[in-house]
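The next block holds one structure in the form of structure tokens; read it before the comments.
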Amino acid sequence: MPVLPIEWLGDETGHLRLLDQTKLPAEIAYVDCRTVPQVIEAIQLLRVRGAPAIGVSAAYAVVLAAQLAPDATFADALRIAHDQLFASRPTAVNLGWALNEMARVVRDVASDSPASRLKALFARAREIELEDRDMCAAIGRHGAPLLTSAKNVLTHCNAGALATAGEGTALAVIFEAARRNPGLHVFADETRPLWQGSRLTAWELVQNNVPCTVICDNMAASMMKAGRVDAVVVGADRITANGDVANKIGTYSVAVLARYHNIPFYVAAPTSTFDLALASGDLIPIEQRAAAEVGRPYGIPLAPEGAKIENPAFDVTPAELVTGIVTEKGVISPVNVSTVRTMVGG
């Protein structure tokens, strides 16, 4: 039985079970969430992570909120839950998208019976999960041909099944390409400071029998210079109207290196990751995380007390460095305002 990062147990009165990704690869452990605060904690502590997976988890959290909401104050209780979930991680746009989808259902069923409201919300949350699964498969189909001639692909952070409800975004492209070309090899950047590449991406690749090599983040340049990287594929947490891409910190560096070495740099993301209300990446809010993640990861002191630490979770890659964006609708290339709006709409 495959390991599921997100699973709803039971009917609309059930609860959410999340794979605790902070324990991987050493341990497979789960967290059962029955309240909104429990889901928020899981999101903030990165027990569940990846823009699509956060969105799906938040949708199910709204169902949990509806289970406990007093009938007389249903709308107010759901609005509070919405706002608390929305604030849990500011950069990933899928979170807001999923919550807005659930808010539409809340408005539509506000005058219905508690049982009917709960069924309707659960149905939409389930749809969001299944839609994400289908989008991952479509992204894989559209993106795999881009890697037809590639022997070695580099990826940064984790954009696989652990970050979505399906096979992932960047990894969906890689998995589908590997099925067509079993000789494909993947370099997985370790992705400091929390090692999502070495802990999570490499784990997924090994589980799926895709040959992979973990490298430190600062090794990418030498690998490219030596001709050992044929393409780069990464995911995204938010993409603006002009095609600027917010993704895990370090992605921008990889994109600059890829451009210098004439290596195609692809981004894979569903259209729900696009935020057309933002004109450019300069307007994307960048989450700042705890200094301890850098200075004392997993309790191990790696920086002296008294040293200042910066820990932005994301950076922004300008559209001009992106060869193409792979969506469930097709590939956007070249990447600019016109091509983004043509593919995504709006």
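Restricting attention to segment 302-328, the residues that are farther than 24 Å from residue 287 by Cβ and of a type in the set (A, V, I, L, M) add up to 1. For the residues 38, 21, the requirement of being at pLDDT 95 or above, over 24 Å from residue 235 (Cβ atoms) and either under 18 Å from the mean Cα position of the chain (by Cα) or surrounded by fewer than 22 Cβ atoms within 10 Å (Cβ to Cβ) (or both) singles out 38. Quick one: what pairs do we get from segment 276-294, first residue assigned by TED's automatic domain parsing to the domain that holds residue 309, second in a helix (DSSP H, G or I) and among the aliphatic types (A, V, I, L, M), C-beta under 9 Å, 6+ apart or different chains? Close Cβ pairs satisfying both conditions: 276/340; 276/344; 277/283; 278/93; 279/337; 280/319; 281/319; 284/93. Of all residues in segment 133-156, those that are touching a residue at least 12 places away in the same chain (Cβ under 8 Å) have Cβ atoms under 6 Å from Cβ atoms of residues that are acidic (Asp, Glu) and part of a helix (DSSP H, G or I), 6 or more apart or on another chain, in 140/176; 144/176.
Looking for something free of Cβ contacts under 8 Å to residues at least 60 places away in the same chain, over 25 Å from residue 290 (Cα atoms) and outside any helix (DSSP H, G or I) - is there at least one such residue anywhere in segment 189-201? The answer is no; no qualifying residue exists. For segment 216-273, a residue qualifies if it is in a helix (DSSP H, G or I), within 18 Å of residue 158 (Cβ to Cβ) and of a type in the set (D, E, K, R), and exactly one does: 217. For residue 72, indicate whether it is at pLDDT below 95, among the aliphatic types (A, V, I, L, M) and either surrounded by fewer than 18 Cβ atoms within 10 Å (Cβ to Cβ) or not in a helix (DSSP H, G or I) (or both). It is true that residue 72 is at pLDDT below 95, among the aliphatic types (A, V, I, L, M) and either surrounded by fewer than 18 Cβ atoms within 10 Å (Cβ to Cβ) or not in a helix (DSSP H, G or I) (or both).
When residues in segment 202-215 are screened for being surrounded by 15 or more Cβ atoms within 10 Å (Cβ to Cβ) and assigned to a loop (DSSP other than H, G, I, E, B), 2 of them pass. Of the residues 148, 191, 169, 155, the single one that is touching a His at 6+ places or on another chain (Cβ under 7 Å), of a type in the set (Ser, Thr, Tyr) and modelled with pLDDT of 95 or more is 191.
Could you go through segment 116-125 and let me know if any residue there is part of a helix (DSSP H, G or I), at pLDDT 95 or above, closer than 30 Å to residue 205 by Cβ and not charged (D, E, K, R).
Yes, because at least one residue in segment 116-125 is part of a helix (DSSP H, G or I), at pLDDT 95 or above, closer than 30 Å to residue 205 by Cβ and not charged (D, E, K, R).
Once segment 90-110 is narrowed to residues that are of a type in the set (A, V, I, L, M) and closer than 14 Å to residue 271 by Cβ, the residue that is modelled with the lowest pLDDT is 93. Out of the residues in segment 167-188 that are in a loop (DSSP other than H, G, I, E, B) and without any contact (Cβ under 8 Å) to a residue 60 or more places away in the chain, which is farthest from residue 128 (Cα to Cα)? Here the answer is 183.
The values are calculated or read from the model by the stated rules, or taken from the named source; none is laboratory data. What you see is a predicted model; the values in this text were computed from it and never measured. Glycine gets a Cβ as well: all are built from the backbone with ideal geometry, and neighbour counts include every protein chain shown.
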